[in-house]
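Accompanying notes for the structure given below.
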Amino acid sequence: MGKPSDLVQGTLDLLILKTLSLEAKHGWAIAKRIQQVSGDVLQVQQGSLYPALHRLEQQGWITAKWAESETGRQAKFYSLTEAGRKQLESETANWNRLSEAINIIVQEA
Amino acid sequence: MRWLHKLLMQLRMLFRRNEESARLNDELQFHLEQQIAENMATGMHEEEARHAAMRSFGSPAVLRDQTRNTWSWNWLESLFRDARISARTLRRAPGFAVMAVVVMALCLGAATSLFTIARGVLLKSLPFRDPDKLVMVYEHFHGYDSNREAFNYNVVSPADYYDWRTQTHGFEDMAAWRWDKFNFSGEHAELPEVITAAAGTWNFFSVLGVNPVLGRIFYESEDHPGANRVVMLTWGLFQRRFGGDPSVIGKQIHLDANPYTVIGVLPQSFAYPDATVQVWVPYASGVTAEYLSYHDHHQSHVVARLKPNVSLQNAISQVEAVQHRLHMENLDKPVAEDAVSRPLLDDVVHDIKTPLVILLCAVGCMLFIGCLNVANLLIARAATRQKEIAIRGALGAGRVTLIRQQMVESLLICFAGGALGVLLSFVATKWLTSAWKDLPRTEAIHVDMSVLAFSFVLICLSALLAGLLPALLSTQKSAFVALHDSSRSVGGSLARTTLRRTLLTIEIAVTVVLLIAAGLLLKSFARIHDADLGATTTNVLTLHYDLPKRQYDQPEKVVAFNETLLESLRHMPGVRAVGVGSVVPGAGYGGDDVFTIPEHPPVQPGQDLPDAIYRMADPGYFTALQIPLLRGRFFTDHDRLNQSNYVIISRQLANQYFTNENPIGWHLHVPAWNSGLVDYEIIGVVGDTLYQADKPLKATMYFPVFAGYLDRDYTLIVRTAFDPLKFSLPVQKEIASLDPTLPMSEVLTMQQIIGESAENTSFSATILLSFALLSLLLAAVGLYGVLSYLVTQRTTEIGIRLALGAQREQVVRLMLGDGLRPALFGLVFGLLASIALTRLIQSMLFRTSPFDLWVFALVAAILLFVAAVACALPARRASRLDPMQALRTE
């Protein structure tokens, strides 16, 4: 199993945006969700998750609001903005192009 | 929408930073709690779960910092932090802080002041419509002394101007103006005074695009000989004499006892050709039609406005063609072959450009020295903080962070100094503009946004210059070795000392250049002051008056007034001699005329005609001024009215045009003097005089005052037994008793007249000298600082040397050598640089070589002396060290 930090540069943003596209989540839930969906292949470290979340928030692609979590404690919930949705589309398209290209090369070799 | 979102976000991050910080902590805490809860769910104890969660979480402080780094304004926050730290460290060393700030304030203040002036004078466009389209057009003589400015850009004759205007098509319009002077008095001939005036063609103000604030400009019909006399007032006179009362329009004032109707008032911003002009009259109204037809009476300045789609070259080549034709048609007269032009702004600031640029360079040098000095001080301080910096580095501060923090310190110093300097410059600019007599366009000089922007940029550059080198040096990899050092180090950092010595060498070299430039200018100033005018300058009072034609309309009346005046003054107690003439030596050019010598073969057409300055003199003129008679005789009382066709020539004229001949009894034919009706017999040769103390010698011819020329200016000369200024009131009273309406002006001693020509040189020289002295002081302080630092660094070493038996003198020699080496290197580099650079100020030097040995030697001596004094104190301190104590010090 590769280390989580092996995430391709910039893909963490894509993963976060994708994860938030369904519903608003707090940081912990985002990390858990990525881990679960990837079948424990991808583990997001707090050291990269929170800087990324704050960066995306500064960029205006996600927005945050404080709400009660499932445990009844106040937590910061992130959700996708309209601009974030567009960004997700373009990053998804980018990713598809990139991974296809890599696939072609890897399979030919 | 996204930009709005981002903006709101940024505002929130700026203004609610603490709140956001708390929330970030809360968010991270929540994450930790979730992790603990999960760990407990897998069956861990609470304590165990907490530890496991903390382990996987890592350092919360680092995470918080990393996250905060993504926030906007983070740079601002760290800047504030650095500023806070720097301010605290500066407060702990107030001596250093105050000194550095004062140095920067002086340097930045001076730089801002000079930039304000240079910008106002040289860069701001003139307050006219489309000023870039305005040029001055001059006649251009190829021959004569073509190295002389006056002939390269020669003022224009009236007829040439009229021909240019009517026969060329490259300019939208051309206007002309000339200087004039009037006895001015109010409507009822009250309060007479002599004022400077200008006479401009009717289209002059429309060519410039200047509109009057009151009334109107001249009509074309008013610009003819014999037309109704009208006058426009400048704003200054309008306020001063008429209290700004608009009803002055239509009223009459008296100029030279003639009534003139006031038709307009010029705006306050209008100060062309300079601020001394009080009134404007039409160009042609006060003169004869014959005068306007002269091609060889050069006195007008021509302003032209280019047509939008015509190049200057095209336009001026048309003028050149016309002028060449005029030259060919008037081969027997001094009519220039060619015409030249220069932009109006260049023309206005022409004389001041070189001194101003030199002073700007000088102030730049001083600022440079100031920065190096602060850099030097910072290096010394960095040395004492080496351990602190090393510890910071060991704790993880990056090099950029360390450099930034030190840069912030120099930024703080420069900003404090800059703010103080800008305040200083307000005062300094005001003082400079009022004290600098020949500075044109003072009305355009004031501090504005672009000046402040300039200062800001200058401050930042200074901070960079002063801070970067020390910061780079103290954060080098090797700098962290400080932590390995034992607390007792022997000998200082070599790199640091070398850098400080290099900075000092540069500082001293630049100082030497400044000192030499100032020295040369001062010497030049002294030369002007001591210049041998060829006439006495002690105990001579001069006084200016002119006899208006309206009142003194007969040669007999003119002669009678002058004679009566001289006679009454001659008997005044304490008066040694009196005389009257047109201009005295040292008081200016006056004017020149070409002449021919009928006894000589005629000058070939196309060759340059002989040319000399003209003067009027009475029989007593030469005796009063102690100008020696070399041959023949002076004028006598009998050389008067129509028996006065005599001329006296100067030795220069005799040498130039009568080689190996005795000129006495020969004649001069002067076409422009008295309409050239008669030839003047040469009756005497007198010693040479200078027309201006800082100008070369020029051939001169003297005509008798008692010929009774009408409408002339006179200078009265009174040589006295003691302080001539004591005579100014009695003499003026004497004149007033003869004619109470006659205003007098320029009551000056000969010393004062010379002083006026020296004044401009002396002003630039004084300013430059003060910059140079300040630089010298800075260099001395730098030298002292470096050597003191070296002594402290080498205390242990010196202690060992002393303990091993070194003599005190040896220690002094060792330290002096250390300190004087950069001074010597700097001196040599400075002298070499001066040899290369002083040529640039040659045009400002009068009878002083740019390589004047005395100045170079004196500067070298002063510098070495100051350097020795600056080094002697620390060196002495080193030799007085108690070896035991020195060995024990840390």
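Rule-based calculations on the coordinates, nothing more; no lab input. This structure is a prediction, so every number in the text was calculated from the model and none was measured. Every residue, glycine among them, receives a Cβ derived from its backbone with ideal geometry; neighbour counts consider all protein chains shown.
Kirkwood hydrodynamic radius computed over the stretch B:10-102 comes to 16.5 Å, based on all pairs of distinct alpha carbons. Only beta bridges with both residues in chain B are counted; by DSSP, about 75 percent of them are antiparallel.
Working note: Debye formula, equal point scatterers on the alpha-carbon atoms of the stretch B:269-361, no solvent; log10 I(q)/I(0) at q = 0.11, 0.16, 0.25 Å⁻¹ is -0.51, -1.00, -1.26.
Put in order of Cβ neighbour count within 10 Å, fewest first, the listed residues B:M884, B:M174 become B:M884, B:M174. Given in Å, the Rg to one decimal and the Dmax to the nearest whole number for the Cα atoms of the stretch B:699-857 are 30.1, 96.
Comparing Cα centroids, the stretch B:178-207 and the stretch B:287-340 end up 26 angstrom apart. Label point of B:A526 set 7 angstrom out along Cα-Cβ; within the stretch B:772-807, amide nitrogens under 20 Å from it belong to B:772-774, B:776. Here the residues B:K557, B:K523, ranked from fewest to most Cβ neighbours within 10 Å of their Cβ, fall in the order B:K557, B:K523. Cross-linked pairs A:K32/A:K65; B:K133/B:K430; B:K430/B:K523; B:K124/B:K437; B:K549/B:K726: Cα-Cα separations exceed 26 Å for B:K133/B:K430; B:K430/B:K523; B:K549/B:K726.
With a simple spin-label model that places each label point 7 Å from the Cα along the Cα-to-Cβ direction, the separation between B:M572 and B:Q252 comes to 3.4 nm. Run through every distinct alpha carbon pair of the stretch B:819-859 and return the Kirkwood hydrodynamic radius in angstroms, one decimal place. Value: 11.1 Å, from the Cα pair sum.
Express the C-alpha Rg of the stretch B:666-769 as a ratio against the empirical globular expectation 2.2 N^0.38 Å, rounded to two decimals. Please list the in-between numbers first.
Numbers: Rg = 18.5 Å, N = 104, 2.2 N^0.38 = 12.8 Å.
Computed over Cα atoms of the stretch B:666-769, the ratio equals 1.44.
Sorted largest first, the principal axis extents computed over the alpha-carbon atoms of chain B equal 133, 82, 53 Å.
Estimated from helical segments only, the mean residue ellipticity of chain B at 222 nm is -17500 deg cm²/dmol, where each DSSP H run of four or more residues counts as -39500 (n - 2.57).
How do B:D163, B:D438 rank when sorted from fewest to most other Cβ atoms within 10 Å of their own Cβ?
Values: B:D163 17, B:D438 13.
Sorted ascending by nearby Cβ count, the order is B:D438, B:D163.
At 20 °C and a viscosity of 1.002 mPa s, what translational diffusion coefficient does Stokes-Einstein give for the protein assembly as shown, taking Rh as the Kirkwood radius over Cα pairs? Give it in µm²/s as a whole number. Each step should come with its number before you reach the end.
Working: Rh = 36.2 Å.
For the chosen part, D equals 59 µm²/s.
Partner lysines whose Cα lies under 21 Å from the Cα of B:K733, excluding those fewer than 8 positions away in the same chain, are identified as B:K557. Take the convex hull of the alpha carbons in the stretch B:540-721; its mean projected area over all directions comes to 10.9 nm².
On the beta carbon distance between B:Q604 and B:L312, with R0 = 45 Å, the FRET formula returns roughly 0.85.
For the residues of B:62-69, the average number of beta carbons from a partner chain within 10 Å of their own beta carbon is 4. Which loop chymotrypsin sites (Phe, Trp or Tyr not before Pro) in the stretch B:24-129, with loop taken from DSSP, have no more than 16 other Cβ atoms within 10 angstrom of their Cβ? Those that pass, being in a loop and sparsely packed, are B:W73.
Cβ under 13 Å from B:S568's Cβ, B:S568 left aside: what net charge do those residues give with Lys, Arg +1 and Asp, Glu -1? Display every interim value, and only then the final one.
On the way: positive: B:R570, B:K733; negative: B:E563, B:E567, B:E734, B:D739.
Summing Lys/Arg as +1 and Asp/Glu as -1 gives -2.
Consider all pairwise Cα distances in the stretch A:4-108 and report the whole-number % of them above 23 Å. Counting pairs separated by more than 23 Å, the tail of P(r) holds 29 percent. Scalar couplings 3J(HN,Hα) for the stretch B:209-222, obtained by applying the Karplus form with A = 6.51, B = -1.76, C = 1.60 to θ = phi - 60°, are x, 10, 9, x, 7, 9, x, 9, 8, 5, 8, 4, 5, 8 Hz; x denotes Gly and Pro. Distance between Cα centroids, the stretch B:763-826 to the stretch B:851-867: provide it in whole Å. Answer, in whole Å: 18.
Calculate the all-directions average of the projected area of the stretch B:87-215's alpha-carbon convex hull, and give it in nm². Could you put the intermediate results ahead of the total?
Working: hull surface 69.5 nm².
Dividing the Cα hull surface by four gives the mean projection, 17.4 nm².
Taking every Cα-Cα distance in the stretch B:155-335 and sorting them into 5 Å bins from zero, the calculated P(r) comes out as 1, 8, 16, 20, 18, 14, 10, 7, 4, 2, 0 percent.
Let me know the mean shielding of A:46-58 by other chains, meaning the per-residue number of their Cβ atoms within 10 Å of its Cβ. Spell out each step's value before the answer.
Values: counts 11, 7, 2, 3, 10, 8, 2, 3, 10, 4, 1, 5, 8.
Partner-chain Cβ atoms within 10 Å, mean over residues of A:46-58: 6.
Suppose every K and R has +1 on its Cβ and every D and E has -1 on its Cβ; what is the size of the dipole of chain B about the Cα centre, in Debye to the nearest 20?
On the way: 77 positive and 82 negative charges, 1115 e Å.
Taking the Cα centre of chain B as origin, the dipole is about 5360 debye.
Order these peptides, A:89-100, B:372-383, B:290-301, by their mean beta-carbon neighbour count within 10 angstrom, highest first.
Details: A:89-100: 12.2, B:372-383: 23.7, B:290-301: 17.7.
Per-residue mean Cβ counts within 10 Å order the peptides as B:372-383, B:290-301, A:89-100.
Computed from the Cβ-Cβ distance with R0 of 51 Å, the FRET efficiency linking B:R129 to B:D332 stands at 0.75. Taking H as built 1.01 Å from N, whose amide H comes closer than 5 Å to the amide H of B:Y646, not counting residues under 5 places away? When sequence neighbours closer than 5 places are left aside, the close amide H contacts are B:E681. Straight-line cross-link reach from B:K6 at under 16 Å between alpha-carbon atoms covers these aspartates and glutamates, not counting any fewer than eight positions away in the same chain: A:E57, A:E82, B:E20.
Computed FRET efficiency, Cβ-Cβ of B:S56 and B:E20, R0 41 Å: what is it to the nearest 0.05?
Details: r = 25 Å, r/R0 = 0.62.
Once the sixth-power term is evaluated, E becomes 0.95.
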